[in-house]
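Some notes on the structure that comes next.
The values are calculated or read from the model by the stated rules, or taken from the named source; none is laboratory data. As the structure is a prediction and not an experimental result, all values here were calculated from the model. All Cβ positions, even for glycine, are placed from backbone atoms using ideal geometry, and neighbour counts span all protein chains on display.
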Amino acid sequence: MFSTVLIANRGEIALRVARACRELGIRTVAVYSTADRDSAVVRFADQAVHIGPAPSKASYLHVPAVVEAALLSGAEAIHPGYGFLSEDPDFAEICEANGIVFIGPSPRVMQQLGDKAAARTAMAAAGLPVLPGSTAALTTAAEAKEIAQQTGYPVIFKAVAGGGGRGMAVVRDPDSLLSAYRETRAHARAVFGDDRLYLERFIDDARHVEVQVLCDRHGSAVHLGERDCSVQRRHQKLMEEAPAPNLPEELRTAMCESAVRGALAVGYTGAGTFEFVLTPSHEFYLMEVNCRLQVEHPVTEMVTGVDIVREQILIAAGRPLSVSQPDVALRGVAVECRVNAEDPARDFAPTPGPLTEFVPPGGPFVRVDTHSFPGWQVGPDYDSLLAKTVVWAPDREQALARMDRALGEFRVGGDGVRTTIDFLRRTLACPEFRAAEHTTGLVGKMLEPRAAASAAPGA
């Protein structure tokens, strides 16, 4: 087992990893930017190392600073959390070259699955269903137009190096294809440093369902069931639940088994997520594979009792999986709501500022993963996540009631700070959501009346 692990991240996920390490008796090293000097994980960790100024490119994404911090602190392994360097194969390779274990899949696998076009090809070869579209990165707009005509509209452009809901554009007719192609390439270049795109058929009224897998270095793999992540704004998730509601058992089994098959086909190790789009006629297609811990992993932990972060660390240390597939049993329903410092009335614009009040909810079967506290400065340099509120109950009706109660207790205040709490409660009360008939278009439908009102003459 490792004696020291460096956590190459910030916020609630850094604190989550530090807690798992402490329970394993592992010494922790936190890295922090100037903006995060007084953060919760800096106070919690055994050691903290300053790695640069607030901009992430000069701190959390600055590989030399992160690696130097690991070497100087004696860390034998690095846990990347999610975001930042978590899916960077070059970083994983540099760790390996410096004798540091990267807690995640191998650089080779990350390279293969991180290239979304290459991942589509590899998963199709493993027998997983993929949406019709390009088989490699697009080279020209003319090629994109030809493939779109063959595939049929609507289509969606996606950045080959994309992730986290960024670098995407839906195109509904040939007239808007060229501008979408150019704009998405420019966005991908700016955000990911890679302007390559691929194209696939876009499914309206679809659900977003993903499967959590764990794979060790001894050839064993299990799935931990599935999660529904259909409540999204701008392709980014707001709410998740496990298991996915209204999913026929044979479909659930097929999706989960295909995820395990895909993971074994490429020699995956660690925790990974296979994301699927589910059509109204219950056909499922692979969208992408995320080679990291997901923000929404707590809902899976709540219904399976498996500590996914602990398993990640044990796998990286060479241990076999702690669970076999027959051991995995889903009990009850778990729901997660992301409480973000965003204003839904302004298209979910971030609302940075100082927190003068922060009182998370409590009560039976309520879990709050957060790094926030009164006096904490919500800065403009990072994502807007304040807390993840997670509840468990024996059935979905009780889980939704418990979540509404928990969100009703949540108190967040600050100069200029707005949150998603009220919007999340509106979502919980939405008849379409209550009936589990919602799709990825739900949030857009909820915002349509407000958008129409703001666009009206004299508004």
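One residue alone among D36, D46, D90 is touching a strand residue (DSSP E or B) at 6+ places or on another chain (Cβ under 7 Å) and without any contact (Cβ under 8 Å) to a residue 60 or more places away in the chain, and that residue is D46. Considering P326, P344, P380, the condition of being over 21 Å from A244 (Cβ atoms) and touching a Pro at 6+ places or on another chain (Cβ under 6 Å) is satisfied by P380 alone. Taking the numbered list (1) surrounded by fewer than 13 Cβ atoms within 10 Å (Cβ to Cβ); (2) at pLDDT 95 or above in turn, D415 passes all entries but (2). Of the numbered criteria (1) closer than 18 Å to I100 by Cα; (2) in contact with a Phe, Trp or Tyr (Cβ under 9 Å, 6 or more places away or on another chain); (3) of a type outside the set (G, A, S), the one V42 fails is (1).
A quick yes/no check of all residues on (1) surrounded by fewer than 20 Cβ atoms within 10 Å (Cβ to Cβ); (2) assigned to a helix (DSSP H, G or I); (3) in contact with a Lys or Arg (Cβ under 8 Å, 6 or more places away or on another chain):
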site: G167; (1), (2), (3): no, no, yes
site: L178; (1), (2), (3): yes, yes, yes
site: Y181; (1), (2), (3): no, yes, no
site: A190; (1), (2), (3): yes, yes, no
site: D194; (1), (2), (3): yes, no, no
site: L199; (1), (2), (3): no, no, yes
site: E210; (1), (2), (3): no, no, yes
site: G219; (1), (2), (3): yes, no, no
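Only one entry of D90, D46 meets the criterion of being acidic (D, E), surrounded by fewer than 21 Cβ atoms within 10 Å (Cβ to Cβ) and within 28 Å of D307 (Cβ to Cβ), and that entry is D46. The strands (runs of 3 or more DSSP E) falling completely within segment 1-90 that include 1 or more residues that are within 21 Å of R319 (Cβ to Cβ) and more than 25 Å from the chain's Cα centre (by Cα) map to 4-7, 27-33. Checking each residue in segment 415-444 for being of a type in the set (A, V, I, L, M, F, W, C) and either touching a residue at least 12 places away in the same chain (Cβ under 8 Å) or not assigned by TED's automatic domain parsing to the domain that holds R402 (or both) picks out V417, I421, F423, L424, L428, A429, C430, F433, A436, L442, V443.
The residues listed here are G114, G104; of these, the one that is modelled with pLDDT under 95 and either closer than 21 Å to A341 by Cβ or surrounded by 19 or more Cβ atoms within 10 Å (Cβ to Cβ) (or both) is G114.
Quick test for you: out of V412, V390, pick the one residue that is within 30 Å of N246 (Cα to Cα), touching an Asp or Glu at 6+ places or on another chain (Cβ under 7 Å) and not assigned by TED's automatic domain parsing to the domain that holds S56.
V390
When restricted to residues that are β-branched (V, I, T) and either in a helix (DSSP H, G or I) or touching a helix residue (DSSP H, G or I) at 6+ places or on another chain (Cβ under 6 Å) (or both), segment 136-162 contains 4.
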